[in-house]
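The values are calculated or read from the model by the stated rules, or taken from the named source; none is laboratory data. Here the structure is a predicted model, which is why all the values come from computation and not from measurement. Note that each Cβ is placed from the backbone with ideal geometry, even for glycine, and that neighbours are counted across all protein chains shown. With ligands, DNA and RNA removed, areas are computed over all heavy atoms of the protein, side chains included. Shrake-Rupley method; radii C 1.70, N 1.55, O 1.52, S 1.80 Å.
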Amino acid sequence: MVSADTGNSIPAHICIIMDGNGRWATKRLMPRSYGHKKGVETTRSAVEYFAKAGVKHLTLFAFSSENWNRPVDEVNTLMELFLTSLKKNTDELNDKGIRIRFIGDRSAFSQKLRDQISSTESLTQNNQTLNLNIAANYGGQWDIINALQIITAKLENGELDSENIDQSLFESQLSLADTPEPDLFIRTGGEQRISNFLIWQLAYTELFFTDVLWPDFTTREMQAALDEYARRQRRYGKTGDQIVGEMQC
Ligand code: FPP
């Protein structure tokens, strides 16, 4: 159950690096694919828990641009898992009002997977309970270069003047252009890295790292992350006294 004491401090946008599936399986003398299957169950539970808690945007790092370097068998298992999980869960998530979108370069995926992604996206496009963004074949550096290419093309065809390039114009070309920046970043699995996730958008995000492996990330751990966020004071470069003063006005 969601505890009531987080008050108004619920993050509007959470992003997660779901790390530790492989180690979770290896510890149980099972193949890594078993860990990924368990990881899908945790993913499902996180979507439901954070939606109930009032989170409006959830961005999950499912497959990085660098994950293609894993053994072919593991990459194939992950691709198969994306396809089957989407097939299995889309209708139920749709009934719960979840809007599902993929960010990243999907051109490398099989036609079957691309078709499933498109049909999931169009079925859920008007839902409003939670925006679920799945980052697949995504990299923060790719996202920035992609935005630059779009802007350069607009400059070249005269649609844009260089003096009009500012932060908001640049951000309008990123994958999550219509989404507020993440308030809370969670990484499970013990590593304390951003690993080329939403590198532009994480500028002021609160970071939460836990040693818990993704398949073991229970609703209790999810609530612990929300509680930790509620305790943080977000200053955006100001002093603590200024922030307290603003809250009293
Ligand atoms: C990192 O653990 C996990 C991944 C690369 C895959 C994450 C994918 C899922 C949890 C499935 C989500 C499914 C959908 C449809 C969104 P790791 O393999 O790097 O673990 P390790 O660090 O212990 O080796």
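Quick notes
- Rounded to whole Å, sorted largest first: equivalent-ellipsoid semi-axes of region 1-112, Cα gyration tensor: 27, 18, 14
- Average accessible surface for region 131-174: 55 Å² per residue, computed with a 1.4 Å probe over protein heavy atoms with every protein chain in place.
- Neighbours of VAL212, meaning other residues whose beta-carbon lies under 15 angstrom from its beta-carbon, give a summed charge of -3 when Lys and Arg score +1 and Asp and Glu score -1.
- Region 199-249 - charge dipole about Cα centre, Lys and Arg +1 at Cβ, Asp and Glu -1, debye rounded to 20: 220
- Computed over the chain, the alpha-carbon pair-distance distribution with 5 angstrom bins reads 1, 6, 12, 16, 18, 17, 13, 8, 5, 3, 1, 0, each value a whole percent.
- About its Cα centre, region 109-249 has a charge dipole of approximately 380 debye under the convention of +1 per Lys or Arg Cβ and -1 per Asp or Glu Cβ, with nothing else charged.
- Within the shell of other residues whose beta carbon sits under 13 angstrom from the beta carbon of GLN173, the net charge comes to -4, with Lys and Arg scored +1 and Asp and Glu -1.
- Using the Cβ of LYS112 as centre and a radius below 13 Å, the other residues enclosed give a net charge of +1, where K and R count +1 and D and E count -1.
- Magnitude of the charge dipole for the chain, about its Cα centre and with charges confined to Cβ atoms of Lys, Arg (+1) and Asp, Glu (-1), is about 960 debye.
- Leading residue at positive end of dipole, region 27-131 (Cβ point charges), from THR43, THR59, LEU130: THR43
- Rounded percent of accessible protein surface that carbon and sulfur make up, the chain, 1.4 Å probe: 49
- Value of Rg/Rh across region 80-170 [Cα atoms, Kirkwood radius]: 1.09
- Cross-link reach list, lysines versus LYS27, counting only Cα pairs under 26 Å and skipping chain neighbours closer than eight places: LYS37, LYS38
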